[in-house]
1. Counting alpha carbon pairs within less than 8 Å and at least 6 residues apart, what relative contact order, in whole percent, applies to segment 2-173?
2. Mind checking which of Pro102, Ile27, Val148 is farthest towards the positive end of segment 2-173's charge dipole, using Cβ charges of +1 (Lys, Arg) and -1 (Asp, Glu) about the Cα centre?
3. Between Lys33 and Asn140, what is the FRET efficiency for a Förster distance of 22 Å, r being their Cβ-Cβ separation, to the nearest 0.05?
4. If you take the square roots of the eigenvalues of the alpha-carbon gyration tensor of segment 2-173 and sort them as a ≥ b ≥ c, do you get rounded (a/c under 1.5), prolate (a/b over b/c) or oblate?
5. Measure up Lys6/Lys26; Lys22/Lys81; Lys52/Lys106; Lys22/Lys99 against 25 Å on the Cα-Cα distance and list the ones that go over.
6. Can you give me the orientation-averaged projected area of the convex hull built on the Cα atoms of segment 55-151, in nm²?
7. Is there a quick way to get the dipole size of segment 2-173? I mean about its Cα centre, with the Cβ of Lys and Arg at +1 and of Asp and Glu at -1; what is the value in debye to the nearest 20?
8. Just to be sure I understand the model, the point goes 7 Å from the Cα along the line to the Cβ. What's the resulting Leu173 to Gln19 distance in nm?
Amino acid sequence: MIYRLKQVRDALWGKLEPQDKKLVDKILTVEEKSYFYSLSLADQYHSIKVAKEAISIANVRNLNLDQNVIIRAGLLHDIGKSGFKITLIDRSLPVIITKISPILSKKIASWGNGELIILRGFYLYWNHYQLGVQIAEKLNLESNLRQVIKYHQEPVKAEDQLLLRLIKEADELC
Ligand SMILES: [Fe+2]
Ligand SMILES: [Fe+2]
C-alpha cells in the first residue's frame, strides 16, 4: 500500500535529477535516448528508479551481472510507453482495476485498440511490452534486453533469465 502511494507521488512530482540525466546520457545511445526522453516524465523517473533498485538488489545478492546491462534494462524496460502522454489516471486506474479483475482490465484495453484517449492507460498497460518489442527491434537491442521488455510484466517464472527476474522484482518495488 505504501509503495502504491509512493508511485502516485512519483507520478505527480517525480523528475530526473541532473545526475540521473548524466547517467542516461552515459549509458544510452543517441537513438535510445530519443525514445527514453519521449517517455512521460513520470515514466522516465520510474525507469531510473527501477535501474537503481535493480543495481542495489544485484549488489546485495552479489549477482553476476554487468552493471551497465542492468542499468540499460531498467531504463529501457518500459520503452513501449515512449511517445504517449500519460496522466496519473491513465497510470493508476489500470493497476487498480487489474488487481480487482484482470479479465475486465484486459477487456477494457481491447476496446478501441488504443485510439480512445480515455482508455489509453488500459491499452498501454497491456500492450506496452509488445510496442516495446517493436522499438527494441528498431534499436537492434541485445536479446536479453528484448526479453526484459517483452516479459517484464508477467509473474516471475522458474525459467526466467537472471536479468529478467531482477527487473521484474525491481519494477514491482518502484
Ligand atoms: Fe511495464
Ligand atoms: Fe515499469
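Every number in this text was worked out from the coordinates using simple rules, so none of it is lab data. In this text, all values refer to a predicted model and were calculated from it rather than measured experimentally. Ideal geometry is used to build each Cβ from the backbone, glycine not excepted, and the neighbour counts take in all protein chains shown.
1. 23 percent
2. The Cα lying farthest towards the positive end belongs to Pro102.
3. For Lys33 and Asn140, the calculated efficiency is 0.90.
4. Here segment 2-173 falls in the rounded category.
5. Going by Cα-Cα distance, Lys6/Lys26; Lys52/Lys106; Lys22/Lys99 fall outside the 25 Å limit.
6. Over all viewing directions, segment 55-151 projects a mean Cα-hull area of 7.4 nm².
7. 400 debye
8. Taking the two extended label points, one gets 1.8 nm.
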